[in-house]
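Shown next, in structure tokens, is the structure this report addresses.
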Amino acid sequence: KEVMKMIDATPGMTMVLHTFGSDMKYHIHTHSLVTFGGLDKAGNWVYPKDKYVIAKYRKICSTYKRIFLELLESSFANNEITYHEDYATLSKEVTKLRWVVHTTYPTMNTELIENYLARYVNRVAISNNRLNYLKENEEVAITYNDYKKQEAGKPCPKEVKILEPLVAINQILQHVLPRHFQKTRNYGIHNACNKLKESAEEKIKANAK
């Protein structure tokens, strides 16, 4: 909705939920692809005013923070959330922080976009080749990327985390989503129920055939 206000058109977005980091820690975040612009009511494509971004970086961060906290407060007020702290206590510290929303420049490289989606849409928390059982010590070894030690332009160095079997099982199971939960969601013109894209010109439709 905020993007619609900025460009006076309907954008499209595909969002994928992730609950894990490479080392299996509980790290809830989303990966999103947002169209650079959107369709107006006449089916014409409208680009943002800025040539390289939908909105300024700090604007995106502050807007996301505001909307997230508003929805969180509403969920607490409507008893949709059960938590050991109330909203006032929970939000006391986070409201003082500047939230980070990582964004990149727009691209027309469809292969890059497809590869980005492929990495996240059907990805599970850990693959078999990163998980090993050390029988002699009765321990589980998890291989992960140590992003803190990564140097620009170089592959990310690997580290190994050793866990007791029950702890490892717990870390894996906490990333198993509930049945029927939609991990991937589409919004705006990417939503199947949106009819606006049907009026769009053929030249702006990707993979029309």
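The values are calculated or read from the model by the stated rules, or taken from the named source; none is laboratory data. None of these values were measured; they are calculated from a predicted model. With ideal geometry, Cβ positions are generated from the backbone for all residues, glycine too; neighbour counts draw on all protein chains shown. For the accessible areas, the whole protein counts, side chains as well, though only heavy atoms, and no ligand, DNA or RNA atoms are used. Shrake-Rupley method; radii C 1.70, N 1.55, O 1.52, S 1.80 Å.
Here are the numbers for this structure:
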read-out	value
Alpha-carbon Debye profile of the chain, log10 I(q)/I(0) at 0.10, 0.18 Å⁻¹	-0.62, -1.43
Chain lengthening between residue 79 and residue 99 when straightened (0.36 nm per residue, less Cα-Cα)	4.7 nm
Label point distance in nm, residue 195-residue 118, each placed 7 Å from Cα along Cα→Cβ	3.6 nm
108, 24, 6, reordered so the largest accessible area comes first (probe 1.4 Å)	108, 6, 24
Gain in span if fully extended, residue 71 to residue 149, counting 0.36 nm per residue against the direct Cα distance	24.5 nm
Packing-based ranking, highest mean first, of 35-45, 131-141, 174-184 given that Cβ atoms within 10 Å are counted	35-45, 131-141, 174-184
Extension gain from residue 174 to residue 45, taking 0.36 nm per residue of separation minus the Cα-Cα distance	42.3 nm
Kirkwood Rh and Cα Rg combined as Rg/Rh, the stretch 43-156	1.08
Lysine pair number, Cα distance threshold 14 Å (strictly under), the stretch 1-112, separation 8 or more or different chains	5
Distribution of pairwise C-alpha distances over the stretch 12-62, 5 Å bins, in %	4, 16, 16, 20, 16, 13, 8, 5, 2, 0
Euclidean distance between Cα centres, the stretch 54-70 to the stretch 166-187, Å	27 Å
Spatial extent of the stretch 119-173: Rg and Dmax, with the Cα atoms as the point set, Å	13.1, 38
Equivalent ellipsoid dimensions for the stretch 73-137 as semi-axes, Å, which come from the Cα gyration tensor, largest first	35, 27, 14
Loop-resident sites, the stretch 48-134, for GluC sites (Glu not before Pro), counting at most 12 other Cβ within 10 Å (DSSP)	80, 85
Per-residue HN-Hα couplings for the stretch 130-143 [Karplus 6.51, -1.76, 1.60; θ = phi - 60°; Hz; x = Gly/Pro]	9, 10, 9, 9, 8, 4, 4, 9, 6, 9, 10, 10, 10, 8
Shape call, the stretch 33-81: gyration tensor on alpha carbons, a/c limit 1.5	oblate
Solvent exposure of the chain as accessible area per residue, Å², 1.4 Å probe	76 Å²
